[in-house]
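Just below is one structure, and these are the notes that go with it.
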Amino acid sequence: MNERTIDVKNLDYRELNRTIREAVAGGVRSITLNNVLGQRFIADGITAKDLSITVNGVPGGDLGAFMDGPSIRVNGNADHAPGNTMTSGTIIIDGDAGDCVGHSMRGGTIMVRGNVGYRVGIHMKQYREQYPKIVIGGYARSFLGEYMAGGIILILGLDATEAIVQDYVGTGIHGGTIYIAGELEDHQLGVAAVRKDFTEDDLQVVTGLITQFNAQFGTDVDPAAITFTKIQPMSARPFSGLYTTER
Amino acid sequence: MSVANYIPNKYDVVVDPSRCRMCGRCEENCSYGVFRKEQDRIVTFPSNCVVCHRCISFCPADAITIRERTATYRHHPHWDEESREDIYNQANTGRVILGGMGNARSYPPIFDRLLLDACQITNPSIDPLREPMETRVYLGKKPATVEITGSGRDVELKTSLSPNLKLETPIMVAHMSYGAVSLAAQKSFAMAAQRLGTYMGTGEGGTHPDLLAYKDNIIVQVASGRFGVSPDYLANSAAIEIKAGQGAKPGIGGHLPGEKVDAEVSRTRMIPVGSDAISPAPHHDIYSIEDLAQLVRALKEATDWKKPVFVKIAAVHNAAAIAAGIARADADGVVIDGFKGGTGAAPKVLRDHVGIPIEAAIASVDAKLRNQGIRNEVSIIASGGFRNSADLTKAIALGADAVYIGTAALIALGCRVCGKCYMGMCPWGIATQTPRLVSRLDPIEGAQKVANLITAWTHELQELMGAAGINSIESLRGNRDRLRGYLLDENILEVLDVKTVGA
């Protein structure tokens, strides 16, 4: 495979991305970025399906935004909105990530080994064969899956030093499913979010994701040992009874 | 058992039997079920009428009369009909009142209190029919300084320029999404824009494949719901617009009800059929100007810095300061949408009571950017209820580079401003997805009408410029000395930076 390693110390994001784009255009399909320190927009809008990028360090916000296809692995923490509005591809973060992970993502997979911030998976949506998935190893803060319109969010709560999820879980949800390891208090559920029975089919879905998670991070999470709470929308039309028409 | 508060019919629909030929076209054309053909007469149900004029337009015998019904209530100067009826409606339902089109209260248009100048003797006016009259506009960043190398005729530009949009007329068609309007309506706009060398906006609904032929004249929108936003969507455009707000409903998001999301709309928005398309009130990755800069740059990175990125806001109290922030966030244009801007659906209370007039917003944004020395960093695109070429000429004289027309373009297609766009039953084939209704709008004819309107307004703009002795739109922009305020108070004159008539 055509590989390339780039030391991006002191490289600004425009130069960094230009280097990636040129390398991809030249046939490179495996890129390692060393000494990444806060550069934003890495692999933003890249559409090479068979490209893999290893990020060593801490990337800035909007990692892989709008991207359609590549696989990114971050050995370190990520800032906010990795996978923002991404169409397809994979982002694996071996560390923590900030707010709005997977903002409006439409397809692909994001896995975070550690904890994440607020509004993770906000407005992620599914479309035909595209079915976005987010797996978080640790805890997630408030407004998880807000406005969620499709796909799956799975929160494992491993080694959680604070509540696995906070308040307003799935508030405004009108599509998709959230799985949370453990119990949820009623007051933590957001508007239009309801608990549903966790079935055999759900166990299969969760097991598949956990198998991938274990393979990525070398963990040995056993789905059978966890009691999951499943959250889904009350309906696909949560706000349909809100309006009357002007006379 | 409770009885709902009765709200009297607004209109009388009368079919004159001496003229009626019983052809049944009224019944066939009315999508609201006002007419029913019985054996020997047409029965009407006026409570369904929205005054869309479809029946009148298609009655071959001119037999239909629609009259407003008045004097239903005891007159009271404070408790007008509208207040009382809204209360009945909400007492019956407990719901938020939803309305279509723009602000429906009679706030006086400032445009109607502004008068344009003309030359007399001391400075010759220009006849645009026989002399050059430049209406070409470039939207985007202009360099503060220009560096060249070489000398004489052999010079080369050293400064690297930002991408600009070239418009042959300062009039563009505003963002109206596929879903809110029909594909036939969008095609009409796209064809007209291409023919005239201007642009149309997709709104927040993705780009239907049928529009790709017009991609060089399309501005794609990235709104808070991110519907249809993919690398292809961004690539197939002339420019990108981040929608942060809308003049008809500042501060709130959008909501396309699931029943309007059919197979085609679903494909374009990239959501399942029948699912609500909800756009959050804010972009949740933008809580500050710094965050805005991040989205602007993310979009530019995704398109290799080859496309201008505009940011649209509703005209609100602090529009000027926000626009200055937008100019510093790497954006290439700021779109300001005034409080008379249109919409397919908005809560009535927001539509009618939130925001500020576009005239004041243009003037204050332009002044703020000039005062801070960053006017060249962004173009100003104004929108929100422009009714004629005089409105847009005055908008440019107040400081706008270009304007968007939305409702006016719809009216060109036959819209009668009935304000029921959200019902999805538009009998003119504009604000509907019902194939039977959409087929009534022929995009080729529609494009001709929209192109005619823009051409006519551009001619009138040239006439107004020529009368004022101005032969280039660049010399009209921000030229407030060619405006005078008529019966405007001192405060508003100060905001507009316009002198009173006679001064």
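Laboratory data are not the source of any read-out in this text; all were calculated from the coordinates shown. Quick caveat: nothing in here was measured; it's all calculated off a predicted structure. Because the Cβ atoms are built from the backbone with ideal geometry, glycine has one as well, and the counts that use them run over all protein chains shown.
Shape of chain A from the C-alpha gyration tensor: prolate (a/c of 1.5 or more and a/b above b/c, with a ≥ b ≥ c the square roots of its eigenvalues). Between A:GLU146, A:GLU185, A:GLU162, the GNM of chain A built on Cα springs shorter than 10 angstrom shows A:GLU185 fluctuating the most. Taking chain A as a Gaussian network of alpha-carbon nodes connected by springs under 10 Å, the highest mean-square fluctuation of the residues A:LEU156, A:LEU63, A:LEU51 belongs to A:LEU51.
For a Förster distance of 41 Å, can you work out the FRET efficiency between the beta-carbons of B:ARG84 and B:LYS142, rounded to the nearest 0.05? It comes out at approximately 0.15.
What the phi angles of the range B:200-215 give under the Karplus curve with 6.51, -1.76 and 1.60, with θ = phi - 60°, is a coupling list of 10, x, 7, x, 8, x, x, 10, 5, x, 5, 8, 4, 4, 10, 4 Hz, glycine and proline written as x.
Distance from the alpha carbon centroid of the range B:468-498 to that of the range B:352-366 works out to 15 angstrom.
Sites listed here are trypsin sites (Lys or Arg not before Pro) in the range B:284-329 whose DSSP assignment is loop and whose Cβ has at most 13 other Cβ atoms within 10 Å: B:LYS306.
Could you pull out the pairs from B:LYS215/B:LYS249; B:LYS37/B:LYS340; B:LYS243/B:LYS368; B:LYS142/B:LYS420; A:LYS196/B:LYS249; B:LYS10/B:LYS249 whose alpha carbons sit more than 32 Å apart here? Distance filter (> 32 Å) returns B:LYS37/B:LYS340; B:LYS142/B:LYS420; A:LYS196/B:LYS249.
Debye-formula intensities of chain B, expressed as log10 I(q)/I(0) at q = 0.09 Å⁻¹, are -0.67 (one equal scatterer per alpha-carbon, no solvent).
For the pair B:CYS119 and A:SER235, what calculated FRET efficiency results from E = 1/(1 + (r/R0)^6), where r is the Cβ-Cβ distance and R0 = 45 Å, to the nearest 0.05? Efficiency, rounded to the nearest 0.05: 0.10. For a straight C-alpha distance cut-off of 13 angstrom, the aspartates and glutamates reachable from B:LYS158 (same-chain residues fewer than eight places away being disregarded) are B:GLU147. In order along the range A:106-122, the Karplus-derived 3J(HN,Hα) couplings, from 6.51 cos²θ - 1.76 cosθ + 1.60 at θ = phi - 60°, round to 10, x, x, 9, 10, 10, 10, 5, x, 9, 9, x, 7, 6, 6, x, 4 Hz, and Gly and Pro are given as x.
Along chain B, the exposed loop sites are GluC sites (Glu not before Pro) outside DSSP states H, G, I, E and B with at most 16 other Cβ atoms within 10 Å, and the longest stretch free of them is B:169-503. Between B:VAL14 and B:SER475, the C-beta separation translates, for a Förster distance of 60 Å, into a calculated FRET efficiency of about 0.65. Taking the longest Cα principal axis of chain B as reference, the axis of helix B:81-93 is set at about 70 degrees. When a/c is below 1.5 the answer is rounded, else prolate if a/b is larger than b/c, else oblate, so apply that to the protein assembly as shown with a ≥ b ≥ c taken from the square roots of the Cα gyration tensor eigenvalues. Judged from the Cα gyration tensor, the protein assembly as shown comes out oblate (a/c at least 1.5, b/c at or above a/b).
The average projected area of the range A:121-202, computed from the convex hull of its Cα atoms over all directions, is 5.2 nm².
Among B:CYS30, B:CYS55, the ranking by other beta carbons within 10 Å of each residue's beta carbon, starting with the fewest, stands as B:CYS30, B:CYS55. From the P(r) of the range B:71-193, could you give the percentage of C-alpha pairs in the tail past 25 Å? More than 25 Å apart: 68 percent of the Cα pairs in the range B:71-193. What separates the Cα centres of the range B:157-179 and the range A:13-88 is a distance of 30 Å. What shape does the range A:96-233 have by the C-alpha gyration tensor, where a ≥ b ≥ c are the square roots of the eigenvalues, rounded means a/c under 1.5, and otherwise prolate means a/b greater than b/c and oblate the rest? Here the range A:96-233 falls in the rounded category.
For A:THR244, the residues whose modelled amide H falls within less than 5 Å of its own, excluding neighbours fewer than 5 places apart on the same chain, are B:VAL96, B:ILE97, B:LEU98.
Here B:LYS249, A:LYS230 are placed in order of increasing Cβ neighbour count within 10 Å, fewest first, which gives A:LYS230, B:LYS249. Identify the chymotrypsin sites (Phe, Trp or Tyr not before Pro) of the range B:1-33 meeting these criteria: DSSP loop state and at most 13 other C-beta atoms within 10 Å of the C-beta. Loop-located and lightly packed - B:TYR6. GNM on chain A, alpha-carbon springs under 10 angstrom: the most fluctuating residue among A:ILE210, A:ILE122, A:ILE178 is A:ILE210. Of A:HIS103, A:HIS187, B:HIS284, B:HIS317, the sequence from fewest to most neighbouring Cβ atoms within 10 angstrom is A:HIS187, B:HIS317, B:HIS284, A:HIS103. To test your reading of the geometry: what angle, between 0 and 90 degrees and rounded to tens, separates the Cα axis of helix A:200-217 from the longest principal axis of chain A? Once rounded, one gets 30 degrees.
Please go through the residue pairs B:LYS187/B:LYS348; B:LYS394/B:LYS499; A:LYS125/B:LYS300; B:LYS166/B:LYS394 and name each one whose alpha carbons sit more than 18 Å apart in this structure. Flagged as over cut-off: B:LYS187/B:LYS348; A:LYS125/B:LYS300; B:LYS166/B:LYS394.
For chain A, the longest principal axis of the alpha carbon atoms and the long axis of helix A:13-25 meet at an angle near 80°. For the range B:100-140, trypsin sites (Lys or Arg not before Pro) are listed when DSSP marks them as loop and at most 14 other Cβ atoms sit within 10 Å of their Cβ; the list is B:ARG105, B:ARG130, B:ARG136.
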